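To start, the structure under review is shown below, and the notes come after it.
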Amino acid sequence: MVFPGTLSQGCSRCRKRKIKCDGRRPGCKRCELYKVTCPGYDRPLAFRFHVEPGHSLVRDEPGRPPPQTLVSDEGPNWGKSRCKSSGVARQPQPSFEDESISYFLHEYCVFPGPGVFRGHLDFLEGMYRNSSRASCIRPATLAATYMSLSRHYKSSTLYVTARNYYGAALRAVNRDLSASKRPLKDETFASLMLLGMIENIECQGQTTKAVHMEGISKLFEVVGHRVLANVDESSLNGWIFTQMQIPSLMAKDNMECLVIPDAHLDTKNTTVRLALVVIRIG
């Protein structure tokens, strides 16, 4: 393969007609004299291919599919035609689902430091991976991850996907709550918390109420649960406790789930002492 030399400086029409072109831009003078629109100066590099003697080189016609077989007479070992692909193989790309989950975990999850920090949302990946396909945590997680990725890419397509998963998560949570015989599971609370995160990620305005946090508060009131009773047991409980503080300040009435329980609390625990201070301030 060699480069044949300097290309013509004329426009496409003058080169095709093999006439002299003045090279004026944006359109040449000759095209103007002929009262036609000058096609411009699109001059792709031209290469000339040289092959071994005895082989012919055929230029592909526009719209003609590339040849799929090559015939050679290099000896009896070649025999039949061998199929070769002329296209460039595309590199595999991660799905938006995997990308959204990875992006969300990278942006929002903090793994615990032994003796320093319990962690934030560090339970989510394991809960999602180990959940059943019918669990409400799956659509809730995907709704939050797609929503965060749509904000990052400013993609309306990802936003629509996130809203679809949001609706599926609401239906799954309502289905779990309707099964009154089943106790409230961590997956249900985590799903409601993720749906509450979507309210913040979506940024619908300052007047928007944290409806999902109020829903968790009502659920705790129904079962008679106090958040402070197990605030130090898991990062999920700590997450629920911290996220309830702002709705409690904005609420007209006190939230029953944030009342200090009568049971004896381990005040030697730093987390419990800090939670008591926060509740008394609120």
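The values are calculated or read from the model by the stated rules, or taken from the named source; none is laboratory data. Every value quoted in this text rests on a predicted model; they were computed, and no experiment measured them. So basically every Cβ, Gly included, is an ideal-geometry build from the backbone, and we count neighbours across all protein chains shown.
Can you say whether Val173 is without any contact (Cβ under 8 Å) to a residue 24 or more places away in the chain and either assigned by TED's automatic domain parsing to the domain that holds Gln243 or in a helix (DSSP H, G or I) (or both), as far as the supplied structure shows?
On the way: without any contact (Cβ under 8 Å) to a residue 24 or more places away in the chain: no; either assigned by TED's automatic domain parsing to the domain that holds Gln243 or in a helix (DSSP H, G or I) (or both): yes.
Here the answer is no, as Val173 does not meet what is asked.
Among the residues of the stretch 132-163, write down those that are crowded, with 17+ Cβ neighbours inside 10 Å and either polar (S, T, N, Q) or farther than 16 Å from Glu97 by Cβ (or both).
Ser135, Cys136, Thr141, Thr145, Ser148, Ser150, Thr161
Identify, from the list Ala143, Ala190, the residue that is part of a helix (DSSP H, G or I) and in contact (Cβ under 8 Å) with a residue 60 or more places away in the chain. Steps first, please.
On the way: Ala143 fails: in contact (Cβ under 8 Å) with a residue 60 or more places away in the chain.
So the residue among Ala143, Ala190 that is part of a helix (DSSP H, G or I) and in contact (Cβ under 8 Å) with a residue 60 or more places away in the chain is Ala190.
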